[in-house]
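Peer 1: Sharing a structure below in C-alpha cells format, with a few things to ask.
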Amino acid sequence: MATASVSGGREMELWRRLGEVNDPELDEPVTEMGFVERAAVTSDGRVEIDFRLPTYWCSPNFAFLMLDGVRKALDQLSWAPAYRVKLHDHMFAEEVNRGMESGKTFGDIFAVLAEDQDLGALRETFAMKAFKRRQEAVLRGLRQHGLTDREILGMDLPAYDVARFEAGEAAKQKPRYRAALLERFPDRRADDPVFVTWEGQHIPADALSAHLAELRAVRINMEFNGALCRGLKQTRYKELDVVDGEPTLVDFIMDRVPARTAPIA
C-alpha cells in the first residue's frame, strides 16, 4: 500500500509540474493542449514522457521552448528521477531523440537546428503576448463587475489580491497575470499600480478602452492559433473529443467568439 501511495503521489506531482509548462505561442499548458501523450513513473522511479505536436512541421524553435520547459519541470521533481523524453512524428524527432539518448542537452541539439535564430528574443515576444492576454481577461472581468476605469487603474497589489472572481477566464488569468507582472517588473512596490503597459507605462483612465482594443487583438490572434492548432491535431490523430466551450475555426470565421469575462464574487 505504501508503494502504491508513493507511486500515486509521484504521478500527481509529475502531471502538476508538466501542467506548468506552456505552449509559448498560445500561453496554454501543454497538458491541456494534448501534447503530452504519455507521462509515466516506472516502478524504479524513472520518468518516461512521450511528446507529440500537432503537425510534422511545427517550428523547431517552438518545439525547443516546450521541450526545454518539460526538462526544467522534470528537474524540479522532488525525487530527482532519471527521465526519458521522446518526441514523436516531427521533422526533427530523429535528431532530437538521438541527441537526447547520447546525453546532449536540448540547447545543444537545437543550437544546430535553430541556426542563427535569437531564442531569447522569441521568448520575450511570447512573454509579452501572454502578459497582454492575461491582463485583458482581468481588466474585462473588473469592468464586468462594475468598477470604473479609474478604480481599476488605481488598484495596487493588496487590492488586486483581495479581488475574487467566479469561475471563468478572469479567475483563471488573475494569478497568472500577477505572476507575469512580477516576472516582468520584479522590483515593483506593493503600492505601485497593477495595470501598466508591457513597457511599464501608466495607463490613463480615458485611454483604457483603446488599450483594451489592442489587448483584444492579441487575444483573438492567440485564440485563433489555438483553435487552428487543436483542429490540426484532432484531424491528424483522428481525435473526436474537444474542450467544452472552446471556439472552433468556424466560430472565428463567423465572428462568434465572445469575450471571456466573469464577475467578482
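Peer 1: Looking for whichever is closer than 30 Å to Thr55 by Cα and either in the same structural domain as Pro24 (by TED's automatic domain parsing) or touching a Gly at 6+ places or on another chain (Cβ under 9 Å) (or both) here; the options are Glu169, Glu214. Which one fits?
Peer 2: Answer to the check: Glu169.
Peer 1: All but one of (1) buried (at least 21 other Cβ atoms within 10 Å of the Cβ); (2) within 24 Å of Met128 (Cβ to Cβ) hold for Phe62; state the number of the condition that does not hold.
Peer 2: Going through (1) buried (at least 21 other Cβ atoms within 10 Å of the Cβ); (2) within 24 Å of Met128 (Cβ to Cβ) one by one, Phe62 breaks only (1).
Peer 1: Could I ask something else about it? Just checking: which of the helices (runs of 4 or more DSSP H) contained wholly in the stretch 93-184 hold 3 or more residues that are buried (at least 17 other Cβ atoms within 10 Å of the Cβ)?
Peer 2: Ranges flagged: 93-101, 106-113, 119-145, 149-153, 169-184.
Peer 1: Within the stretch 37-88, how many residues turn out to be over 20 Å from Gly107 (Cα atoms) and in contact with a Leu (Cβ under 8 Å, 6 or more places away or on another chain)?
Peer 2: 7
Peer 1: Another question, if that's okay. Exactly one condition in (1) loosely packed, with under 14 Cβ neighbours inside 10 Å; (2) within 25 Å of Cys229 (Cα to Cα) is not met by Ala80; state its number.
Peer 2: Failing condition for Ala80: (2).
Peer 1: Which residue pairs have Cβ atoms closer than 8 Å, lie 6 or more positions apart in sequence or on different chains, and pair a first residue in the stretch 202-219 that is among the small types (Gly, Ala, Ser) and at pLDDT 95 or above with a second residue that is assigned to a helix (DSSP H, G or I) and surrounded by fewer than 12 Cβ atoms within 10 Å (Cβ to Cβ)?
Peer 2: Ala205/Arg150
Peer 1: Would you confirm, using the coordinates I've provided, whether Lys72 is farther than 30 Å from Leu208 by Cβ and charged (D, E, K, R)?
Peer 2: Yes.
Peer 1: Return the residues of the stretch 13-60 that are over 17 Å from Lys72 (Cα atoms) and in a helix (DSSP H, G or I); say none if nothing qualifies.
Peer 2: Pro60
Peer 1: Next question, about the same structure. Could you please find all residues in the stretch 185-195 being surrounded by fewer than 19 Cβ atoms within 10 Å (Cβ to Cβ) and aliphatic (A, V, I, L, M)?
Peer 2: Within the stretch 185-195, just Ala190 meets the criteria.
Peer 1: For residues that are in a helix (DSSP H, G or I) and among the acidic types (Asp, Glu), scanning just the stretch 185-223, find the one that is farthest from Thr148 (Cα to Cα).
Peer 2: Here the residue is Glu223.
Peer 1: Given the conditions (1) of a type outside the set (S, T, N, Q); (2) assigned to a helix (DSSP H, G or I); (3) modelled with pLDDT of 90 or more, report the number of the one that Val85 does not fulfil.
Peer 2: (2)
Peer 1: Give the residues of the stretch 15-44 that are over 30 Å from Ala137 (Cα atoms) and surrounded by 15 or more Cβ atoms within 10 Å (Cβ to Cβ), sorted by residue number.
Peer 2: Answer for the stretch 15-44, where residues must be over 30 Å from Ala137 (Cα atoms) and surrounded by 15 or more Cβ atoms within 10 Å (Cβ to Cβ): Ala39, Val41.
The values are calculated or read from the model by the stated rules, or taken from the named source; none is laboratory data. Quick caveat: nothing in here was measured; it's all calculated off a predicted structure. Here Cβ is always computed from backbone atoms with ideal geometry, including for glycine, and neighbour counts include all displayed protein chains.
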